[in-house]
């Protein structure tokens, strides 16, 4: 049901993109909006993982280099019944981790050097289980498509009055209050939808990861450490566009407004939800 609801919301987002194009440019604008939606979806499907890894400076690692990480990943991937993702390390002091890719067969998991140094074995297991839950639930694809569609709506709403192709009344409306409202409400609606999807998937991945491990205690401890250290250590490698994929929100120096529009739910609520769980291990 969660996947169906998410798919429905993304379809609505695509239709809204076409509507914005139609408002500003008539039939030509609608065609441009549909073309942008198709291109951004295709781009997100095939290249979002490569962009996320490249932008964060992630480097591939072998089993010989990090046997501890590989041992945890292979054991949990077997429990989740998915292929072992490609493993990367980000040369970053702030502890964090993210998963990316279009499906379990084309997935990658990246962890920062700071996370490897900070986490004990139980905590590392909890973090990796959380990321593998995103892979198994196809959250990595959903979040990428939502992000690119949100960006496309922002672009077409901003440049809409210059699309052309509509009649004089439509162009006049495009230059008036209607255009102003669409330029403000369109990107805002897309952003809020993206935030809603991101926050929902974090709760689901926490719960699925806890069941995968067999208990929630390692992940609870890991989240507590991640929250404390990411409030003190600024992130320098992971880009803001990739931050929605991370297990916890990186610190980029924002204030209260950035917290209001965070792609992650509050850590205290995630930890409270985990404490209330009755975990039945995945077999």
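The values are calculated or read from the model by the stated rules, or taken from the named source; none is laboratory data. Keep in mind it's a predicted model, so treat the numbers as computed, not measured. For neighbour counting, all protein chains shown are included, and Cβ atoms are generated from backbone atoms with ideal geometry for every residue, glycine included.
A few points about this structure:
- Residues in region 46-74 that are surrounded by fewer than 15 Cβ atoms within 10 Å (Cβ to Cβ) and in contact (Cβ under 8 Å) with a residue 24 or more places away in the chain: 46, 55, 59, 60, 68.
- Just one residue in the set 153, 140 is in contact with a strand residue (DSSP E or B) (Cβ under 7 Å, 6 or more places away or on another chain), in a helix (DSSP H, G or I) and at pLDDT below 80; that residue is 140.
- Residues located in region 225-241, provided they are in contact with a helix residue (DSSP H, G or I) (Cβ under 6 Å, 6 or more places away or on another chain), surrounded by fewer than 24 Cβ atoms within 10 Å (Cβ to Cβ) and within 26 Å of residue 54 (Cβ to Cβ): 237, 239
- Looking at 222, 204, just one residue is surrounded by fewer than 18 Cβ atoms within 10 Å (Cβ to Cβ) and at pLDDT 80 or above, and that residue is 204.
- Checked against (1) closer than 30 Å to residue 39 by Cα; (2) at pLDDT 95 or above; (3) surrounded by fewer than 24 Cβ atoms within 10 Å (Cβ to Cβ), residue 132 meets all criteria but (3).
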